[in-house]
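Read through the structure below, which is laid out as structure tokens, and then see the notes.
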Amino acid sequence: METVEVAGLRIRYRCAGQGPPLVLLHGAYEDSRIWRRQLDALSDEFTVFAWDAPGCGGSDDPPPDFTGKDLGEALDGFLREAVPGKPHLLGLSMGSGIALELYRAHPSVPASLLLVSAYAGWAGSLPPEEVERRYAQVLAELEQPPEQFIPGWMPTLFTDHADPADVQETAAIMADFHPAGMRALLNASAHADYRDVLPSISVPTLLLYGTEDVRSPLSVAREMNRRIPGSTLVTIPDVGHMAAVEAPDAFNAEVRRFLRGVTAG
């Protein structure tokens, strides 16, 4: 792994391949290891970067008062330090929110957005009572050892027919979280609302969802599609929230198809 320093935080990241830069932003409780299948498969055509967000993996924990805006600025700093050229940003779940946070302040930075299993922030896509339920759930989990609660996440991330080895690998990555880092990220992003950002997006945007996603269901996907001008909504049949892990071949093919169209244009 490689390291850059951004606003006093060491940010670790993985990099593979050669070609237009594609930056992968993982979700909550995860780190760059979740993108193993994309780093392997897409590096034949793209320079693929996968960061450990502040508070995750090998990166430093941010301060407790870290804000959503700080998270967007951290991503902007990372891109300036580590990524040459105009990057394509692919965010998964929480990572999609970080991409939208960056776009709010720096709309000229990305060449395109690929928002996977995405929300307009929890507060922008979910009923207030569901936002508070999720916030309280994660806050309580951070006081517990991971083996007590991480297994309970798996049915919300994968379908019943997912490969058990993929589920086990994901659970092991998630169990390796930083309690202090995750608490800072939760406080920075749990109540984010990006509905005001969506209509302003003017770069090519792919919305990619599994049809069986129970965390960011297709109703959320369709509303994102409605609000982002010219966006493309693509669904992958019979997979859940972690489509990049559960169906990597189909996922990578859709990413490749979209990016080829963007770069050809």
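Quick notes on this structure:
- With contributions of -39500 (n - 2.57) from each DSSP H run of at least four residues, the per-residue ellipticity at 222 nm computed over the chain stands at -13500 deg cm²/dmol.
- In percent, rounded to a whole number, the relative contact order of the chain is 21, using alpha-carbon pairs under 8 Å and six or more apart.
- Charging the Cβ of each Asp and Glu at -1 and of each Lys and Arg at +1, and nothing else, the dipole of region 26-176 about its Cα centre rounds to 540 debye.
- With all protein chains kept in place, the per residue accessible area of the chain amounts to 40 square angstrom at a probe of 1.4 angstrom.
- Rolling a 1.4 angstrom probe over the chain with all protein chains present gives an accessible area of which 52% lies on carbon and sulfur atoms.
- Magnitude of the charge dipole, the chain, Cβ model with Lys/Arg +1 and Asp/Glu -1, debye to 20: 920 debye
- Residue among LEU157, LEU113, ALA221 farthest towards the positive dipole end of the chain, charges placed on Cβ: LEU113
- Residue among ILE236, TYR103, HIS26 farthest towards the positive dipole end of the chain, charges placed on Cβ: TYR103
- Estimated at the nearest 10 Å², the accessible area of HIS88 is 10 Å² with a 1.4 Å probe.
- Candidates VAL4, PHE66, ALA50 compared by Cα position along the dipole of region 3-70: farthest toward the positive end lies ALA50, with charges placed on Cβ.
- Charge dipole magnitude, Cβ of K and R +1, D and E -1 - region 181-244, Cα centre, debye nearest 20: 160 debye
- Spin-label model, LEU218 to LEU139: label points 7 Å out along the Cα-to-beta-carbon direction sit 3.5 nm apart.
The values are calculated or read from the model by the stated rules, or taken from the named source; none is laboratory data. Computed from a prediction, not measured in an experiment: that's the story for all the values here. FYI the Cβ positions are ideal-geometry reconstructions off the backbone, even for glycines, and counts take in every protein chain you see. Ligands, DNA and RNA are stripped out before the accessible areas are found, and what is left, the full protein with its side chains, is counted by its heavy atoms. Shrake-Rupley method; radii C 1.70, N 1.55, O 1.52, S 1.80 Å.
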